[in-house]
Amino acid sequence: MNINKNRWGSNSLYHIMALFTVIIWGTTFISTKVLIKQGLSPEDILFYRFMIAYICIWTICPRKLFARNLKDELLLVATGLCGGSLYFIAENRALGITLASNVSLIVCTASIFTAILSHLFIKGEKLKKNLITGSFIALTGVAFVVFNGSFILKINPAGDLLTITAALMWAFYSIILKKLDSKYSTLFITRKVFFYGIITLLPTFLFTPLTTDTHILFQPVVFGNFIFLGLIASMICYISWNMSIKHLGAVRTTNYVYVVPLITLISSSIILNEIITFFALAGALLILSGVYIAEKGFHLPK
């Protein structure tokens with residue numbers, strides 16, 4: 001028992017960091033929605049968001065330019081693809097052709113995908129009964145929160161397939177991080193994620209040109225939201241997320257993704273004056289219960 005308490009005590013900071021990250025990410029949809037209303041495309045938003053994050057992180061981690069070998073450098077390219085360009089392009093494009101409720105629900109399966117992929121590719125990561133049970137309880141809670149009492153699921157194969165792709169990309173991102181975090185610092189890895197996220201995004205501007213109108217970009221509401229998305233939601237949150245994966249593991253950290261719809265529900269109520277229904281409250285309870293049960297599977301203290 002004392003050993004478990006010590007383990008929890010040594011890792012509590014990283015649980016807090018993971019929770020902080022999903023709290024911030026649960027509110028980013030508001031900033032993104034504001035920017036889209038100002039005439040910016042999803043690709044514009046991702047480019048400027050990651051560019052701000054990259055410039056900021058370069059000031060504190062400028063020295064090491066490349067990985068130790070080509071294999072690791074290619075893995076870093078993969079993190080930029082999976083955790084950057086492909087993830088956000090798939091998710092944001094899905095939002096344009098299917099219901100937001102579908103996207104919110106399906107993206108949360110990233111936690112389940114991560115558990116399965118970790119079991120397959122990471123030595124020592126096992127699928128435990130409590131983890132599986134907790135994950136599905138949390139996913140049920142997500143469904144309650146997302147549908148909020150209106151259980152109408154309209155199937156859109158293209159949109160839903162894009163959303164599944166986004167969830168898979170985030171799962172692969174988490175797995176790749178686990179393979180790199182013992183070799184390189186969190187700051188170096190995170191900087192490379194932003195760099196390769198930007199580089200792999202550039203080809204999309206051949207089809208949808210990047211918005212460079214300074215009249216739009218320097219409007220206070222646009223500039224302020226970009227600072228929030230770039231500095232806090234990207235640089236700080238990616239660092240804290242990557243550190244959490246390094247110390248807690250890919251599966252335990254990604255399980256916090258289930259909290260995102262709960263935070264979105266609360267922030268929507270406060271900022272957009274949306275009503276919280278009984279179904280939403282029930283979903284919140286299921287999410288928190290599911291996360292707790294999944295954590296118990298890793299022998300956290302009773």
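The values are calculated or read from the model by the stated rules, or taken from the named source; none is laboratory data. What you are looking at is a predicted structure, and each value in this text was computed from that prediction instead of being measured. Quick reminder, even Gly has a Cβ in these numbers, built from the backbone with ideal geometry, and neighbours come from all protein chains shown. To get the accessible areas, we keep the full protein, side chains included, count just its heavy atoms, and leave off ligands, DNA and RNA. Shrake-Rupley method; radii C 1.70, N 1.55, O 1.52, S 1.80 Å.
A single member of ILE122, ILE152 is more than 22 Å from SER289 (Cα to Cα), at pLDDT below 75 and open to solvent by 70 Å² or more (accessible area, probe 1.4 Å), and it is ILE152. Residues in segment 12-50 that are open to solvent by 60 Å² or more (accessible area, probe 1.4 Å) and not aromatic (Phe, Trp, Tyr): 8 in all. Residues that are open to solvent by less than 50 Å² (accessible area, probe 1.4 Å), under 17 Å from PHE47 (Cβ atoms), not in a loop (DSSP other than H, G, I, E, B) and not hydrophobic (A, V, I, L, M, F, W, C) occur in segment 201-223; there is at least one.
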